[in-house]
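Each reported figure results from applying straightforward, stated rules to the coordinates on display, with no laboratory input. Model, not experiment: these values are computed from the prediction. All Cβ positions, glycine included, derive from the backbone under ideal geometry; neighbour counts span all protein chains shown.
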Amino acid sequence: MTLENEMNETIEEVKKPTIRKISKIQMETMSFKRKKKAKKTPSLFDSNLVDRSYWGNDPGTDLEISLTRIQISRSLNKGEMLDIKNCRTATHLSKDNVSELMKYQLHLMTLIADDNECNTFTNINGDGIVMVEFDKETEQYEFIFVK
């Protein structure tokens, strides 16, 4: 046999299809379905209404927080407290971020009261005054609301 004959025989052997016979019972027991289920990605509506927030920890949130902090410092330097809940720059923020900004406002009020002798600020509604005083006995700041 020559090399060409051997190659032709191997090619012919490869070309032959293999037939496997399966009975009807075996066919019914075989499963052709995918056993893996696709993982569901959580959507915004899968969480509770309280926890829903369209803004996460992203550059947009950081920008809104920094702009609101600037407005807080400007209003406190004028002697007025800023209504953070109704502030234009804080409307998209979550409740945690708003409470953080409220704490920042109170902290900034204590810093201004320490630096200057001015320790009174106009209330958010404009119907009263908030005084910041430092109690030396307890070493804590007191916020006093006066109408």
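Below are the figures for this structure:
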| item | result |
| --- | --- |
| Cross-link pairs beyond the 30 Å C-alpha cut-off, checked among LYS78/LYS147; LYS37/LYS95; LYS40/LYS103; LYS103/LYS136 | LYS37/LYS95; LYS40/LYS103 |
| Cα gyration tensor shape of segment 56-146, rounded if a/c is under 1.5, else prolate or oblate by comparing a/b with b/c | prolate |
| Radius 12 Å from Cβ of ILE84, net charge of other residues (Lys, Arg +1; Asp, Glu -1) | +2 |
| Theoretical gain in end-to-end length, GLU142 to LYS37 [0.36 nm per residue, Cα-Cα removed] | 31.9 nm |
| In sequence order, calculated HN-Hα J values of segment 80-86 (Karplus, 6.51, -1.76, 1.60; Hz; x Gly/Pro) | 10, 7, 9, 7, 5, 5, 9 |
